[in-house]
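Only the coordinates and a few stated rules stand behind these numbers; no lab work does. Bear in mind the structure is a predicted one, so any value in this text is a computation, not a measurement. Cβ atoms come from the backbone with ideal geometry, glycine included; neighbour counts cover every protein chain shown.
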Amino acid sequence: MNLKQIEAFEAVASLGTTTAAAQRLEISQSVVSRLLAQLEEDLGLRLFVREQGRLTLTREGAALVDEVRTLLDGSHCLRRHAQQLRLGGMQRKLVRAMVPNTFAQHAMPQIMEVFCKAHEDAVLEVLSGTYGQGERALLSREVDLAFVQMPEGLPGLRVHRVFRSHSACVVPIDHPLAALDKISALDLELVPLILLGRQSLHRREVDMAFRRARITPRVLAEVHSVGVACAMVARGMGVTIVTRVLAACCPSEGFVVKPFEPALPFEIGLATLQETPEKSMTVALLECMGDTLASLNA
């Protein structure tokens with residue numbers, strides 16, 4: 001029995017399918033199935049039965065869930081304690097945050113400079129990832145705060161601040177579309193587009209806007225960062241449609257940002273674990289990040 005088997009067991013027990021567990025653990029479905037089979041063999045117990053396409057805990061499996069979660073919490077605490085000792089020693093407080101790559105690259109350096117001057121006993125670690133990865137990292141206690149996409153309904157998390165944004169069209173400064181006050185899907189027919197990856201919820205809404213306009217978008221490239229998309233636009237390679245608040249993070253030389261129609265609302269939140277104290281250093285960092293988001297979103 002090993003920790004990977006335990007993590008696979010807990011993920012399937014929580015989510016009900018090996019597919020969802022594989023996505024959370026960022027491994028393949030076949031690996032999850034193999035880890036479960038190995039664990040059942042090691043324990044000599046049948047832990048799951050398949051019912052209507054989902055894996056349901058057996059009586060023996062259900063009896064082990066609480067102990068498994070306690071074991072995982074202990075392993076995460078051990079890993080975090082070792083990380084804090086490695087980075088900050090005994091006297092400094094480690095705060096870990098997961099944010100979108102664009103925010104990490106263009107907004108976090110200034111935030112960290114201000115925060116570290118006010119909190120000299122802090123050590124910051126900034127990870128970049130998607131909103132879903134942020135939620136999972138919070139729940140597994142790998143980070144202290146993260147961006148989450150609203151509405152957020154995961155138990156155990158508390159959203160401190162919510163920011164509402166809309167879609168925006170980012171176009172080269174010398175492009176004919178730059179003269180328009182607003183840009184619609186119809187305006188983008190035959191225009192080379194740089195779009196976010198298809199696993200993004202915002203991308204799915206953009207695709208739907210084109211379908212409703214009965215237009216097949218001319219996709220030049222798919223990227224996984226608003227910053228990369230905007231950089232490609234600045235080089236004159238095409239046009240992108242992203243959320244305005246993240247576009248505002250990027251250096252604006254070479255492009256202009258215009259409202260996209262239909263407006264695609266987008267809400268993000270800054271979240272911690274439910275039990276995080278209000279006056280903790282984690283919440284202090286969250287407030288610094290929130291103030292920056294508010295100014296970008298103004």
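From the largest down, the stretch 167-264 spans 32, 28, 22 angstrom on the principal axes of its Cα atoms.
The packing ranking, built from the mean of other Cβ atoms within 10 Å per residue, places the peptides 259-268, 24-33, 93-102 in the order 93-102, 259-268, 24-33, highest first. In terms of its Cα atoms, the chain spans 69, 52, 27 Å along the principal axes, sorted from long to short.
Close lysine pairs were tallied over the chain: pairs 8 or more places apart or on different chains with Cα atoms under 30 Å apart number 5.
Which of rounded, prolate or oblate describes the stretch 89-176 when judged by the alpha-carbon gyration tensor and an a/c cut-off of 1.5? The shape class here is oblate. Antiparallel as a % of all DSSP beta bridges within the chain, to the nearest 5? Among the beta bridges of the chain, antiparallel pairing accounts for roughly 60 percent. The ratio of the alpha-carbon radius of gyration of the stretch 237-298 to the globular-protein estimate 2.2 N^0.38 Å is 1.46. Considering only C116, C169, C249, the mean-square fluctuation computed in a Gaussian network model of the chain, springs between alpha carbons under 10 angstrom, is largest for C116.
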